[in-house]
Amino acid sequence: MTLKIKDSGVSKSSMAEVNIILLGKGNVGNAWLSLFSEQKARFAQTVEVKLIVVANSTRAIVNFEGLTSNQFNNFAEDSTVNNLAGLIEQVEQAKLDNVLVIDVTASQQVTHSYPEFASLGWNIISANKIPMSVSSERYKRLVSLLKSNGCYWGINATVGAALPVQSSLVELIQSGDRVLSINGVFSGSLSYLLVNYDGKQSFTELVKQAKDAGFTEPDPREDLSGADVQKKLLILSRLAGYIINLDDIAVQPLLPQELLQGSVADFWDKKDKIDLYMSQKFADAEQKSSKLVYEAKVSFVDKVAFPSVELTALPAANAVTQLSPTDNVFTLKTDFYNDNPLIIRGPGAGAIITATAVNIDLNKFVTQLAVANEIANNKK
């Protein structure tokens, strides 16, 4: 979502400045930090990029001159107790140009602060899917507020990691195309599980392996519930121009609900039931010469969306089953791509991949800002 970039008001022949606030110090946040110095160097000739805040839910480290790698790498030692409201006030009082919030959390609290970010004229890059999946009324108000304040909102990391699914969808619509349907596998973690599962091994042990490799959430049930895929399908449906809410999307969890209830310890204790359920599902699919996939799909008919998310078995020749572990695949059927749908496929999970998606949006923002700054300088 590319929005108007404000003139920074800097003097002739000077570079624009970007002041980054990183919210989230988990796997994706740390992966993004590992790429920051190299990314900053790429911009050095056109825009001065400063990382001024790194924060998790309870602690932060702040330096308005720009954090050094030593500082953010020693976050545990150098950070202080802080909260989001205090950080917002602190940055606001500094009166900085071109503040950019990079949100790699999954936080409701950060989501609630998006309207405040927009009101302050701050730009946003989101890996957090929650702001894109709030009620349609809240979503429309946020988009309107961001536009009216000339803010950039990058959302590439919310669906498909670094795959160009959002940009392709938006650009097709802007070219006059009409989206007829979207389907595919939207979860790298569930892709990892189902591509690797052979019907003989313990599915529960495979889930543990995926968790240890960082392909699932710390509580794998968040992936197995289908809620993450549900949000992604909602995001793509809204980008396609349809006003729907999460409750409009029917979701069948990968495992029956009774196997997902209780504590995390309860889940692992249900190992035998989980393994039996999945082995039966695999055998049923194999008898039909099909493969298990966790499919999201939506068709659009007369301005109405018909979405669903479920575990299903598809023929082995289907594009949706042609996956490597952690792959996502998106099949877009449009007026232009009707007989031969557009297929976008590639890795869709992993901290570095998601951090790369964030940097794709960062590059778009910096490029637009550099152009706006050059125009402003030439007018002076």
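The values are calculated or read from the model by the stated rules, or taken from the named source; none is laboratory data. Model, not experiment: these values are computed from the prediction. Positions of Cβ are generated from backbone atoms using ideal geometry, with glycine treated the same way; all protein chains shown enter the neighbour counts. Only protein heavy atoms, including side chains, enter the accessible area calculation; ligands, DNA and RNA are left aside. Shrake-Rupley method; radii C 1.70, N 1.55, O 1.52, S 1.80 Å.
General remarks:
- Each of the peptides 155-166, 193-204 was scored by the mean count of other Cβ atoms within 10 Å over its residues; in descending order, highest first, they stand as 155-166, 193-204.
- Listed by chain and number, the aspartates and glutamates whose C-alpha is less than 19 Å from the C-alpha of LYS281, apart from same-chain residues fewer than 8 away, are ASP198, GLU205, ASP223, GLU258, ASP272, GLU295, GLU310.
- Candidate cross-link partners of LYS50 among the aspartates and glutamates, defined by an alpha-carbon separation under 20 Å and a same-chain spacing of 8 or more, comprise ASP7, GLU17, GLU38, GLU65, ASP78, GLU89, GLU92, ASP97, ASP103, ASP361, GLU374.
- Given the choices (i) 29.2, 100; (ii) 33.6, 130; (iii) 21.9, 73, Rg and Dmax of the Cα atoms in Å derived from the coordinates of this structure is entry (iii).
- With R₀ set to 45 Å, the beta-carbon distance separating SER324 from ALA265 gives a calculated FRET efficiency near 0.90.
- Share antiparallel - DSSP beta bridges, the chain, percent rounded to 5: 60
- Distance from the C-alpha centroid of the stretch 50-119 to that of the stretch 180-216: 34 Å, rounded to the whole angstrom.
- Aspartates and glutamates whose Cα lies under 13 Å from that of LYS333, excluding same-chain neighbours fewer than 8 positions away: ASP177
- Listed pairs LYS129/LYS303; LYS231/LYS303; LYS95/LYS364; LYS25/LYS129 exceeding 22 Å between Cα atoms: LYS129/LYS303; LYS95/LYS364
- Between HIS112 and GLU171, the C-beta separation translates, for a Förster distance of 25 Å, into a calculated FRET efficiency of about 0.20.
- Alpha carbon Rg of the stretch 12-91, scaled by the compact-globule rule 2.2 N^0.38 Å: 1.12
- Placing dummy labels 7 Å off each Cα toward the beta-carbon, the span from ASN245 to SER119 is 2.4 nm.
- Looking at the chain, the accessible area is 45 square angstrom per residue; that uses a 1.4 Å probe and ignores ligands, DNA and RNA.
- Mean Cβ count within 10 Å, highest first, over the residues of peptides 15-26, 250-261: 15-26, 250-261
- Helical contribution to [θ] at 222 nm, DSSP H n ≥ 4, -39,500 (n - 2.57), averaged over the chain, rounded to 500: -12500 deg cm²/dmol
- Largest first and in whole Å, the equivalent-ellipsoid semi-axes of the stretch 208-306 read 28, 18, 12, each the square root of five times a Cα gyration tensor eigenvalue.
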